[in-house]
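K.L.:
Mind looking over this structure? Questions follow.
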Amino acid sequence: MAYTETTTTGYGTRLKNSLGGIGAGFVMFLGATCLLWWNEGRAVKTAKMLDEAQGNYVEMEDIKNVDPDLDGCLVHATGEATTTDTVCDDIFGVKDLAIGMTRTVEYYQWVENSKSTTRDKLGGGEETVTTYTYERKWVSQPVESDEFHDPQYQNANKQLVTVEDQRFNATAVAFGAYELSENQIAALPCRTNVSVSIPDETLRALDRDITTTYVRLNGRNPVRPETVEPAAAAPAVNDTAAAEQQQKREAYRALLVHQQTNSIYVGTNPGVPEIGDVRITYKKAKPGKVSLIAKVNGNSFGKYVAKNGKTLSVIRTGTHSADEMFQAEKDSNSALTWGLRILGLVLVIMGLRSVFGILETLLKVVPFLANIMGFGISMICGIVGFVWSVLVIAVAWIVYRPVLGITLLVIAALVIFAFSSKGKALIKQQIAARTQAQPKE
């Protein structure tokens, strides 16, 4: 059921908020301008670093032997990453032979959603109607339900266990005769499912503690769901480990800790989740083929430092040529650059809109006039914000790359001219001339 709240804001309060918005708008405008400037410098420096690195790397043909001649050199190499380490989650006892293993935690919680509609009132006031709805869903963090607006759902959330997402890395990973660095080990993605098997002693302790928590939170004992489990296949005669594991599972059947393919489910019934249930999923980075670009440090690797101070160290799973890896880094740099440009542009416009929003608020005593003013302010702020952002980017590029910077300045000047009175008149003349030049049928 939806829960609705109606709030009314007086004209004086709205004016006060708009005045406060002027300062916040200036801060946002200046911050966005700095972001645009910094982003262009970062993009150019990164691009130059990648060009420098691509022209200086050495292909490491043999990783089976440490080559002293390559010490300090930037290299590209492909080979098998191997380890004898077993990574382990000490809390749940899950372990596997892997380069790295991740633990991802989800909580089944009530989540609050809101939708607001606002209308202006004669005299400058404002009425806001907010509708709150609630749904149960899996989320990555516990939800603080004591802040919910509907009293019926306040303090409705709970957790049977609270643990953080975490990554567990191997201590030593060999790359032929070399060793991968800690940063390289941590950079290899975990994508393969881990076969979950909790030691019997750990399972008993977990189930006992979680059962105590369940009783405290719910005021009752958990009830084992009436389900028929499929009979497990008989282990092979020579599979001693599988036989022992099967005996352990037959010896103790946990109430609230359920082992699944690559996850642990904490709750009474995985098929019917309840508020407070927790789902923990494990994935690993298994040994296999990797490709890297990095500087050789003795029998290991470090970051390459370019002349401009930017650093580079890249490792990817699979076999990739140096050109492919450099291109991927350039594409990533380009995507980040455009993403920050768009973000900076939006923040510049929002900052200007906050600064001049007071003009719209002053007319709120007559909502119709205020709407017209608001539309005009939005249009002007959009145009000015776009031109300003282009100018900032252009000046930054003049500092870092003059040719492209001058081109951007020309584009900005054309936009300004197009919206000027002379520009509009010239455009109208050109349109009229082209219309008259068309042959009549």
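The values are calculated or read from the model by the stated rules, or taken from the named source; none is laboratory data. A quick note: this is a predicted structure, and the numbers were derived from the prediction, not measured. Don't worry about glycine lacking a Cβ; one is built from the backbone with ideal geometry, like all the others, and counts go over all protein chains shown. Side chains included, ligands, DNA and RNA excluded: accessible areas come from the protein's heavy atoms. Shrake-Rupley method; radii C 1.70, N 1.55, O 1.52, S 1.80 Å.
K.L.:
Looking at the range 361-392, which of its residues are small (Gly, Ala, Ser) and at pLDDT below 80?
P.N.:
Listed by number, the list holds a single entry, ALA370.
K.L.:
Does the range 288-303 contain at least one residue that is under 30 Å from GLU106 (Cα atoms) and free of Cβ contacts under 8 Å to residues at least 40 places away in the same chain?
P.N.:
Scanning the range 288-303, I find no residue that is under 30 Å from GLU106 (Cα atoms) and free of Cβ contacts under 8 Å to residues at least 40 places away in the same chain, so the answer is no.
K.L.:
Of THR83, THR78, THR7, THR46, which residue is closer than 26 Å to MET350 by Cβ and open to solvent by less than 80 Å² (accessible area, probe 1.4 Å)? Walk me through it before giving the result.
P.N.:
On the way: THR83 fails: closer than 26 Å to MET350 by Cβ; THR78 fails: closer than 26 Å to MET350 by Cβ; THR46 fails: closer than 26 Å to MET350 by Cβ.
From the options THR83, THR78, THR7, THR46, the qualifying one is THR7.
K.L.:
Among the residues of the range 86-107, which ones are open to solvent by 40 Å² or more (accessible area, probe 1.4 Å) and farther than 12 Å from VAL194 by Cβ?
P.N.:
ASP90, ILE91, GLU106
K.L.:
If you don't mind, there's one more thing I want to ask. Would you confirm whether any residue within the range 340-360 is at pLDDT 95 or above, assigned to a strand (DSSP E or B), crowded, with 21+ Cβ neighbours inside 10 Å and not charged (D, E, K, R)?
P.N.:
no
K.L.:
Right, LYS64: in contact (Cβ under 8 Å) with a residue 12 or more places away in the chain and not in a strand (DSSP E or B) or not? I'd like the intermediate steps shown before the answer.
P.N.:
Values: in contact (Cβ under 8 Å) with a residue 12 or more places away in the chain: yes; not in a strand (DSSP E or B): yes.
The answer is yes for LYS64.
K.L.:
Within the range 393-409, does at least one residue satisfy the condition of being at pLDDT 85 or above, over 30 Å from the mean Cα position of the chain (by Cα) and farther than 16 Å from PHE29 by Cβ?
P.N.:
no
K.L.:
Just need a number here: residues in the range 263-285 that are part of a loop (DSSP other than H, G, I, E, B) and either free of Cβ contacts under 8 Å to residues at least 60 places away in the same chain or among the polar types (S, T, N, Q) (or both).
P.N.:
Initially, the range 263-285 is screened for residues part of a loop (DSSP other than H, G, I, E, B), giving 267-277.
Then drop every residue that is not either free of Cβ contacts under 8 Å to residues at least 60 places away in the same chain or among the polar types (S, T, N, Q) (or both), which leaves 268-272.
Summing the residues that are part of a loop (DSSP other than H, G, I, E, B) and either free of Cβ contacts under 8 Å to residues at least 60 places away in the same chain or among the polar types (S, T, N, Q) (or both) in the range 263-285 gives 5.
K.L.:
Could you tell me whether any residue of the range 185-194 is touching a helix residue (DSSP H, G or I) at 6+ places or on another chain (Cβ under 6 Å) and either within 30 Å of LEU256 (Cβ to Cβ) or open to solvent by less than 20 Å² (accessible area, probe 1.4 Å) (or both)? Quick ask: steps written out before the conclusion?
P.N.:
Going residue by residue through the range 185-194, those that are touching a helix residue (DSSP H, G or I) at 6+ places or on another chain (Cβ under 6 Å) are none.
The answer is no, given that none of the residues of the range 185-194 is touching a helix residue (DSSP H, G or I) at 6+ places or on another chain (Cβ under 6 Å) and either within 30 Å of LEU256 (Cβ to Cβ) or open to solvent by less than 20 Å² (accessible area, probe 1.4 Å) (or both).
K.L.:
What's the total number of residues in the range 137-151 that are of a type in the set (Asp, Glu) and either farther than 14 Å from TYR3 by Cβ or touching a helix residue (DSSP H, G or I) at 6+ places or on another chain (Cβ under 8 Å) (or both)? Explain how you work it out, then say what you get.
P.N.:
So the first thing to find is which residues in the range 137-151 are of a type in the set (Asp, Glu), and the list is 144, 146-147, 150.
Applying the additional criterion that residues be either farther than 14 Å from TYR3 by Cβ or touching a helix residue (DSSP H, G or I) at 6+ places or on another chain (Cβ under 8 Å) (or both) yields 144, 146.
Here the count works out to 2.
K.L.:
Right, GLY374: surrounded by 21 or more Cβ atoms within 10 Å (Cβ to Cβ), of a type in the set (Gly, Ala, Ser) and without any contact (Cβ under 8 Å) to a residue 60 or more places away in the chain or not?
P.N.:
No; evaluated as a whole, the condition is false for this residue.
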